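Student: Sharing a structure here in structure tokens format.
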Amino acid sequence: QVQLVESGGGLVQAGGSLRLSCAASGRTFSSYTVAWFRQAPGKEREFVGAIRWSDASTHYADSVKGRFTISRDKNTVSLQMNSLKPEDTAVYSCAAKLSVSTWYTGTNVYPYWGQGTQVTVSS
């Protein structure tokens with residue numbers, strides 16, 4: 001069993017930056033892919049990006065490519081968000097699954113989830 005805890009959300013002005021963290025307990029991330037998803041009010045949860053712990057390879061949604069960066073260190077995965085826009089406002093959650101060669105962006109394949117953290121970007 002993997003327990004995930006996010007931290008780092010908050011309120012920021014458009015153009016600003018925030019860094020979210022996802023810490024694991026109960027098991028190390030070494031065999032896992034860790035993804036970030038977000039859900040805005042009235043919208044479906046969407047894939048933001050993911051990192052494969054074994055080789056630190058990453059995959060991003062087009063909407064955040066070049067602005068968001070996912071990294072890993074000491075059983076924590078971070079999501080660095082730069083050049084934030086009001087449309088980035090959402091509850092951000094990390095999720096984990098055992099790694100395979102394919103990048104999965106659907107929520108249903110990730111069995112482990114954190115509780116989520118609110119990110120609000122004001123215009």
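Student: For a quick check of your reading of the filter: which GluC sites (Glu not before Pro) in the stretch 17-123 sit in a DSSP loop and have no more than 13 other Cβ atoms within 10 Å?
Tutor: Counting only loop positions with at most 13 other Cβ atoms within 10 Å, the GluC sites (Glu not before Pro) in the stretch 17-123 are GLU44.
Student: Next question, about the same structure. Please give the per residue accessible area of the stretch 37-79, computed with a probe of 1.4 Å over protein heavy atoms only, in Å². Mind showing how you got there, number by number?
Tutor: Values: 2310 Å² over 43 residues.
For the stretch 37-79, the per-residue accessible area is 54 Å².
Student: Roughly how large, in nm² to one decimal, is the mean projection of the convex hull of the alpha-carbon atoms in the stretch 18-57?
Tutor: Average of the hull's projected areas for the stretch 18-57 equals 3.8 nm².
Student: Taking all protein chains in place and a 1.4 Å probe, what share, in percent, of the accessible surface of the chain do carbon and sulfur account for?
Tutor: On the way: 2900 of 6140 Å².
Ligands and nucleic acids excluded, carbon and sulfur reach 47 percent.
Student: Shifting gears a bit: Please report the net charge: other residues with Cβ closer than 10 Å to the Cβ of SER21, K and R +1, D and E -1.
Tutor: -1
Student: Can you work out the base-10 log of I(q)/I(0) for the chain at q = 0.09 1/Å, using the Debye formula on its C-alpha atoms alone?
Tutor: Taking Cα atoms of the chain as identical point scatterers yields -0.21.
Student: Okay, next question. Near LYS85, which lysines are there with a Cα under 17 Å away, not counting those fewer than 8 places off in the same chain?
Tutor: LYS43, LYS65
Student: If exposed means no more than 14 neighbouring beta carbons inside 10 Å and the site is in a DSSP loop, what's the longest run of the chain without any exposed trypsin sites (Lys or Arg not before Pro)? Could you put the intermediate results ahead of the total?
Tutor: Values: sites that count: ARG27, LYS43, LYS65, LYS74.
Segment 75-123 is the longest.
The values are calculated or read from the model by the stated rules, or taken from the named source; none is laboratory data. All figures in this text were calculated on a predicted structure; none of them were measured in a lab. Positions of Cβ are backbone-derived with ideal geometry, glycine not excepted, and every protein chain shown enters the neighbour counts. Accessible surface is based on the protein model in full, side chains and every heavy atom, while ligands, DNA and RNA are left aside. Shrake-Rupley method; radii C 1.70, N 1.55, O 1.52, S 1.80 Å.
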